[in-house]
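Shown next, in structure tokens, is the structure this report addresses.
The values are calculated or read from the model by the stated rules, or taken from the named source; none is laboratory data. Treat the numbers as computed from the prediction; the structure is a model and nothing was measured. Here the Cβ is made from the backbone with ideal geometry for all residues, glycine too, and neighbour counts use every protein chain on show. The protein model used for the area step is the full one, side chains on, heavy atoms only, and it has no ligands, DNA or RNA in it. Shrake-Rupley method; radii C 1.70, N 1.55, O 1.52, S 1.80 Å.
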Amino acid sequence: MEHRHHALTQEVLRTDVAGMPLEWIDYKVAATLYHSDQVAYTCGSPIFTIRGGFNARTGRRSVLQINSIIATRGDTHALERSRGRYTPPLNNRTLFRRDGNLCMYCGGLFRTSELTRDHITPLSRGGGDVWTNVVTACRRCNNHKGGRTPEQAGLELIAVPFTPTYAEYIYLKGRRVLADQMEYLLTHFPRSSPLHARVRGDLERAGRDWRNVVTLAH
Ligand SMILES: [Zn+2]
């Protein structure tokens, strides 16, 4: 086993045969998909080279190249997700990523460990635990707000909270997103996606080299 450019923790972006992003997989799962002939085509760039055993008859060694993006056959859930009915599960990690680790009240940039989930309309006042009613908030702002609405607390949101689409959710879940994977995901974001500007900025900072990792986690 040998890897070319990346640590083995680098994840591969798996899509369905129509190119809709599905999930992040590790190199072992990717290798299994290649071996079971489920890879329809590849995009992106080769990130791993796996050397297998020697063929007893020919004496040649098998070599498998794994790309950063692979399209696979036969996922029937993809269509459903792409039709816009999908609501990704809400969790703090992706919520904080959605908001760029910024407190949506004071605008400060914080480490993930310093952030909280704020319910804009508090649960005690009938607000839901849903993407459009939650924002990232620093402890200070969250404590100050307490069980009040932003108006009652004299606070103003710096951005409108939104429910990520499936492609946006995959992007937000990525631990280590390569530039080519990011560009690929970006083409599947809705035109109106509030993430466009941030992703473009990250890509510019990463440069044109596909080997560059575009990191977001703080
Ligand atoms: Zn704050």
ask   = Just from the alpha-carbon atoms, what are the Rg and Dmax of the chain in angstroms?
value = 20.6, 78
query = So how do Lys28, Lys145, Lys173 rank on accessible area, 1.4 Å probe, biggest first, that is with the largest at the start?
reply = Lys28, Lys173, Lys145
ask   = Ranked by accessible surface with a 1.4 Å probe, highest first, in what order do Cys43, Cys103 come?
value = Cys43, Cys103
query = With the chain treated as a Gaussian network of Cα nodes joined by springs under 10 Å, which of Thr187, Thr165, Thr72 yields the largest mean-square fluctuation?
reply = Thr187
inquiry  = Apply the Karplus curve 6.51 cos²θ - 1.76 cosθ + 1.60, θ = phi - 60°, to the phi angles in region 35-52 and return the couplings in whole Hz, x for Gly and Pro.
reply    = 5, 8, 6, 9, 8, 7, 6, 10, 10, x, 9, x, 10, 10, 10, 9, 9, x
Using a Förster distance of 35 Å, the FRET efficiency for Val17-Leu157 (Cβ separation, nearest 0.05) = 0.30
message = Just to verify a number: what accessible area does Val17 come out at with the full protein assembly present, 1.4 Å probe, Å² rounded to tens?
response = 80 Å²
request  = State the answer as a single residue: which of Gly53, His35, Leu13 lies farthest towards the positive end of the charge dipole of the chain, with beta carbon charges of +1 for Lys and Arg and -1 for Asp and Glu, about the Cα centre.
outcome  = Gly53
key: Charged-residue dipole, Cβ positions (Lys, Arg, Asp, Glu), region 81-123 about Cα centre, Debye nearest 20   = 380 debye
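Nearest 20 debye, what's the magnitude of the dipole of region 17-136 about its Cα centre given +1 on Lys and Arg Cβ and -1 on Asp and Glu Cβ? Could the numbers behind the result be given before it?
Working: 15 positive and 9 negative charges, 87 e Å.
Here region 17-136 has a charge dipole of around 420 debye.
Normalising by the residue count of region 91-218, find the relative contact order in percent from Cα pairs under 8 Å and 6+ residues apart. List each step's numbers first, then the result.
Details: 170 pairs, mean separation 31.1, N = 128.
Across region 91-218, relative contact order equals 24 percent.
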key: For the chain, calculated [θ]222 nm from helices alone, where every DSSP H run of n ≥ 4 adds -39500 (n - 2.57)   = -7000 deg cm²/dmol
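So, with +1 on the Cβ of K and R and -1 on the Cβ of D and E, and no other charges, what is the size of the charge dipole of the chain about its Cα centre, to the nearest 20 debye? All intermediate terms of the calculation are to be shown ahead of the outcome.
Working: 30 positive and 20 negative charges, 78 e Å.
Dipole magnitude for the chain comes out near 380 debye.
For the full complex of protein chains and a 1.4 angstrom probe, list Tyr169, Tyr27 by accessible area with the highest value first. Could you put the intermediate results ahead of the total?
On the way: Tyr169 15, Tyr27 40 Å².
Highest to lowest solvent-accessible surface, that is Tyr27, Tyr169.
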task = Given the peptides 151-160, 115-124, arrange them by the average over their residues of other C-beta atoms within 10 Å, most packed first.
result = 115-124, 151-160
